[in-house]
Amino acid sequence: MEKTSSPPIGASSNPTMLTVRFDDQVVRYFVIATVIWGFVGMLVGALIALQMPFWQANLGQYLTFGRLRPLHTNAVIFAFAGNAIFAAIYYSTQRLTKTRMYSDVMSRIHFWGWQSIIVSAAITLPLGITTSKEYAELEWPIDILIAVIWVIFAINFFMTLKIRREKHMYVALWFYIATIVTVAVLHIGNSLAIPVGLFKSYPIFAGVQDAFVQWWYGHNAVAFFLTTPFLGLMYYFLPKAAERPVFSYRLSIVHFWSLVFLYIWAGPHHLQYTSVPEWAVTLGMVFSVMLWMPSWGGMINGPFTLRGAWHKLRDSVVLKMYVIGITFYGMSTFEGPLLSVKTVNALSHYTDWTIGHVHAGALGWNGFMTFGMIYWLLPKLWKTDLWSNKLANAHFWIGTIGMLLYVMAMYSAGVTQGLMWRAFDGAGSLIYPDFMETVVQIVPMYWVRLVGGSLYLVGMMMLGLNMIMTIRNAKDKPTDAAISVPA
Amino acid sequence: MSSFLNTDGRHRTLEGWPLVFTTLTILAVLVGGTVEFLPLVLMETNRPTISTVTPYTPLELTGRDLYIREGCVSCHSQQIRPFRDEIERYGEYSKPGESIYDRPFLWGSKRTGPDLSRVGGKYPDLWHVLHLEDPRSTSPNSLMPPYNWLLSQDVNLDNLTAKMNGLRTLGTPYTDSDIEGAVQDAKAQASNIARTISASGGPQGLETKEIVAVIAYLQRMGTDLTKSQN
Ligand code: HEM
Ligand code: HEM
């Protein structure tokens, strides 16, 4: 089977040179999967956004809010963002190491294995098969499958590093390394449970300890699934699109190591004022505040890479998307430390403020970085022009407006409800003792969120259309890119 | 330091050693979790510190697993923070000792609906039947989905033994006779609840239905703190 090289092409090829052909087919697969699952996950998001102000949209036992919400989070995080980072990793790692992936078979197992995990999630979650632990809802048989597929991915990746033809690993690869090892540790740690049936298990930790482990996992799923791989993506694809080197090498070293070290400590900020011991949540708060600095280290390295290239923004929808993405990374990593501060968290926790924070990061940072990458990859992977630049620009605007509406609505709903919950009158009794009073007040904001989310979803559909048409315009079988290296 | 960070400095050398680089990364990410988690385990927070907190009865356990199945946790928290407004609204704030038998914990992260950790005894059983069947019937503007199938589906008690054995392995103090008599115990508690419901004018024949298990769990919540020691 074709491994890391194929016979040299072209008459003039130098006998001491070797042609390395990359495996771009697996990247095409991951790109297509990203778009499909992105659409599905956000469609479910729009449905649950409708169910909140309009209970009639709960469509029977299998499609109620409680069962669909985890389906939404799993689909957008593990299917949409997941496939996007795999596309980024497979595309850039081969180029950064100047070698084809170690094993085509492992790459295929990774792809199909991951899609089968997603399909299992889409079947079991509506059936009510769930551990109920956020972002780790899948039951133990699927957890085992995830672990197996992840290990295969890791072997394939690290063996590729081993056979690399470039001595030094570029910063994007550091972030991929951190992602791959840490997600493995987190997944195993938080899934420790004993099965009591084919679809039911109980975690080995209980109560306070279980809460702690869950948010050690939960927070770092955000850190090592939605942040570090996207930083790696940024470090590879932004300089490529801007045709400028990364702004500061030193900054990338400092912010990489401080980020991976500090992030892990911050988990307990999700448990502020709960039964978890005071010292633990205080540690969580302190480290969260410190996290602001390395986060902004990455955030600064992005835009500064564009120095002298800002004029390119006018014609490049890819760069525009990256700028929005990085801006929202900056915003949500400024907001995160703020939310960790006890007095702020006292107000924000349990409210839609958290949901606003989540989607500023998810729609702004993860979404737009993914979109930018895909618009850049489509012409390269299918060797043809993007079908419509106009449509891509329209996606940029509708996505931005949709996201802003979503996030604004949630901030306003969160702060409003938080303040109403704690409002006392002069005589010392609650002004809104009836919980529903505080809900009715924010229902209009739920409708605004639905509008914003739907616009964002329409943008996703525009991307889908652009992708389909670009692929249809492409040659029957696009060739994979190749480079010449000394034999 | 600068020789470390320069483009030909020591970090550059490290970038040529993936194995060392990866090992250092693993160490960096392990420190935080370990330092924070070890004390929590060593302090044995899973030992009973509140003597009136007891394991769930078989029916309550079944109801709790139905609560998990339906994803009630995505709208309801079970963790009252020590603030004046929360204590006023929901009751005494949550204590670490209360959740020692909670596998998994169900504290939640979002209050689309009110906190439920002290809901036990707040309403009669019949209220919960009406509310779960059609939340708007008891709470006019409620956003909560209707759960009418809980009234028609039979509760599954077959796997109770496996579940309780599993929990015992993990440390929940169920005795042999607890486990042997689990199904019988569950049925007895279920018919008690069903009787209260029909006696107060509610539907008949709910003793075999899922809803009685959910109600058993809801009525249990938060009652440990106030029950008298026997
Ligand atoms: C069309 C776009 C989207 C819509 C309409 C949408 C809608 C929603 C809704 C209604 C919720 C439940 C909020 C609640 O319980 O109060 C939610 C939760 C969530 N969504 Fe989305 N979403 C969208 C896109 C995304 C994307 C792209 C991501 C991630 C990459 C994402 C990640 C999450 C997460 C992590 C939560 C759980 C938040 C928490 O537990 O605090 N969403 N979303
Ligand atoms: C320095 C960086 C960050 C810090 C310190 C931080 C901090 C926080 C805090 C304090 C909460 C609220 C916890 C609560 O009250 O329940 C939270 C929630 C959340 N954040 Fe961040 N955040 C950061 C960046 C991000 C980014 C970039 C994302 C990406 C998408 C993100 C995703 C989330 C999610 C999904 C939740 C909801 C968890 C849940 O309750 O289900 N965060 N974060």
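Would you check which residues across region B:63-81 are closer than 18 Å to A:Gly207 by Cα and either more than 8 Å from chain A (Cβ to nearest Cβ) or exposed (fewer than 13 other Cβ atoms within 10 Å of the Cβ) (or both) and list them?
Listed by number, the residues that qualify are B:Gly63, B:Arg64, B:Tyr67, B:His76, B:Gln78, B:Ile80.
Conditions tested, residue by residue: (1) within 16 Å of ligand 1 (Cβ to nearest atom); (2) under 25 Å from A:Arg108 (Cβ atoms); (3) at pLDDT 95 or above; (4) under 18 Å from the mean Cα position of the chain (by Cα).
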{"residue": "A:Ala172", "(1), (2), (3), (4)": "no, yes, yes, yes"}
{"residue": "A:Phe175", "(1), (2), (3), (4)": "no, yes, yes, yes"}
{"residue": "A:Ile188", "(1), (2), (3), (4)": "no, yes, no, no"}
{"residue": "A:Ser201", "(1), (2), (3), (4)": "no, no, yes, no"}
{"residue": "A:Val222", "(1), (2), (3), (4)": "yes, no, no, yes"}
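Out of A:Met299, A:Met331, A:Met290, A:Met321, I need the residue that is of a type in the set (A, V, I, L, M) and away from ligand 2 (no atom under 14 Å from the Cβ). Which one?
A:Met321
How many of the residues in region A:413-458 are at pLDDT below 95 and under 30 Å from A:Val44 (Cα atoms)?
Within region A:413-458, residues that are at pLDDT below 95 and under 30 Å from A:Val44 (Cα atoms) number 0.
So A:Thr351 ticks every box in (1) away from ligand 2 (no atom under 12 Å from the Cβ); (2) within 13 Å of chain B (Cβ to nearest Cβ) but one. Which box is left unticked?
(1)
For every residue, the table says whether it meets (1) of a type outside the set (A, V, I, L, M, F, W, C); (2) under 25 Å from A:Met436 (Cβ atoms); (3) open to solvent by 20 Å² or more (accessible area, probe 1.4 Å).
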position	(1), (2), (3)
A:Trp365	no, no, no
A:Phe368	no, no, no
A:Ile374	no, no, no
A:Ala394	no, no, yes
A:Trp397	no, no, yes
A:Ile401	no, no, yes
A:Ala413	no, yes, no
A:Trp421	no, yes, no
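Kindly state which helices (runs of 4 or more DSSP H) lie completely within region B:1-88 and contain at least 1 residues that are of a type in the set (Phe, Trp, Tyr).
Answer list for region B:1-88: B:2-5, B:18-42, B:58-70.
Picking from B:Leu167, B:Leu157, which residue would you name as being in contact with a strand residue (DSSP E or B) (Cβ under 7 Å, 6 or more places away or on another chain) and either facing another protein chain (nearest Cβ under 9 Å) or in a loop (DSSP other than H, G, I, E, B) (or both)?
Values: B:Leu157 fails: in contact with a strand residue (DSSP E or B) (Cβ under 7 Å, 6 or more places away or on another chain).
Selected residue: B:Leu167, the only one of B:Leu167, B:Leu157 that is in contact with a strand residue (DSSP E or B) (Cβ under 7 Å, 6 or more places away or on another chain) and either facing another protein chain (nearest Cβ under 9 Å) or in a loop (DSSP other than H, G, I, E, B) (or both).
Which of the numbered conditions does A:Ile326 fail, given that it passes all the others? Conditions: (1) in contact (Cβ under 8 Å) with a residue 60 or more places away in the chain; (2) within 13 Å of ligand 1 (Cβ to nearest atom); (3) surrounded by 24 or more Cβ atoms within 10 Å (Cβ to Cβ); (4) among the β-branched types (Val, Ile, Thr).
(2)
List the number of the failed condition for A:Thr274; all other conditions in (1) more than 16 Å from ligand 1 (Cβ to nearest atom); (2) open to solvent by less than 50 Å² (accessible area, probe 1.4 Å); (3) facing chain B (nearest Cβ under 10 Å); (4) outside any helix (DSSP H, G or I) hold.
Of the numbered conditions (1) more than 16 Å from ligand 1 (Cβ to nearest atom); (2) open to solvent by less than 50 Å² (accessible area, probe 1.4 Å); (3) facing chain B (nearest Cβ under 10 Å); (4) outside any helix (DSSP H, G or I), the odd one out for A:Thr274 is (1).
Go through region A:229-248 and count every residue that is open to solvent by 50 Å² or more (accessible area, probe 1.4 Å) and part of a helix (DSSP H, G or I).
1
Can A:Ile144 be described as open to solvent by 20 Å² or more (accessible area, probe 1.4 Å) and within 24 Å of A:Val26 (Cβ to Cβ)? Steps first, answer last, please.
Working: open to solvent by 20 Å² or more (accessible area, probe 1.4 Å): yes; within 24 Å of A:Val26 (Cβ to Cβ): yes.
Here the answer is yes, as A:Ile144 does meet what is asked.
How do the helices (runs of 4 or more DSSP H) wholly within region A:331-409 filter down when requiring 1 or more residues that are within 13 Å of ligand 1 (Cβ to nearest atom) and of a type in the set (A, V, I, L, M): which remain?
A:352-359, A:368-382
Just for region B:89-100: of the residues that are more than 7 Å from every other protein chain (Cβ to nearest Cβ) and in a loop (DSSP other than H, G, I, E, B), which one is nearest to ligand 2 (Cβ to nearest atom)?
Once the filter is applied, the top-ranked residue is B:Tyr93.
Suppose the filter is open to solvent by 10 Å² or more (accessible area, probe 1.4 Å) and farther than 30 Å from B:Glu133 by Cβ; does A:Leu96 pass it?
When the stated conditions are applied, A:Leu96 passes them.
Table: residues versus (1) open to solvent by 20 Å² or more (accessible area, probe 1.4 Å); (2) among the hydrophobic types (A, V, I, L, M, F, W, C); (3) at pLDDT 95 or above.
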{"residue": "A:Val31", "(1), (2), (3)": "no, yes, yes"}
{"residue": "A:Met42", "(1), (2), (3)": "yes, yes, yes"}
{"residue": "A:Gly45", "(1), (2), (3)": "no, no, yes"}
{"residue": "A:Thr64", "(1), (2), (3)": "no, no, yes"}
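If we scan region B:17-30, do we find a residue that is among the hydroxyl-bearing types (Ser, Thr, Tyr), open to solvent by less than 40 Å² (accessible area, probe 1.4 Å) and under 12 Å from the mean Cα position of the chain (by Cα)? Step through it out loud before you land on a result.
From region B:17-30, those among the hydroxyl-bearing types (Ser, Thr, Tyr) are B:22-23, B:25; that's our starting set.
Subsequent filtering for residues that are open to solvent by less than 40 Å² (accessible area, probe 1.4 Å) retains B:22, B:25.
With under 12 Å from the mean Cα position of the chain (by Cα) added as a condition, the list becomes none.
No, region B:17-30 contains no residue that is among the hydroxyl-bearing types (Ser, Thr, Tyr), open to solvent by less than 40 Å² (accessible area, probe 1.4 Å) and under 12 Å from the mean Cα position of the chain (by Cα).
Assuming A:Pro303 fulfils every condition listed in (1) within 11 Å of chain B (Cβ to nearest Cβ); (2) open to solvent by 30 Å² or more (accessible area, probe 1.4 Å); (3) under 22 Å from the mean Cα position of the chain (by Cα) apart from one, which condition is it?
Failed condition: (1).
Assess whether B:Ile87 counts as being open to solvent by less than 10 Å² (accessible area, probe 1.4 Å) and free of Cβ contacts under 8 Å to residues at least 40 places away in the same chain.
no
The values are calculated or read from the model by the stated rules, or taken from the named source; none is laboratory data. These numbers were taken from a predicted model, which means no experiment stands behind them. FYI the Cβ positions are ideal-geometry reconstructions off the backbone, even for glycines, and counts take in every protein chain you see. Accessible surface is based on the protein model in full, side chains and every heavy atom, while ligands, DNA and RNA are left aside. Shrake-Rupley method; radii C 1.70, N 1.55, O 1.52, S 1.80 Å.
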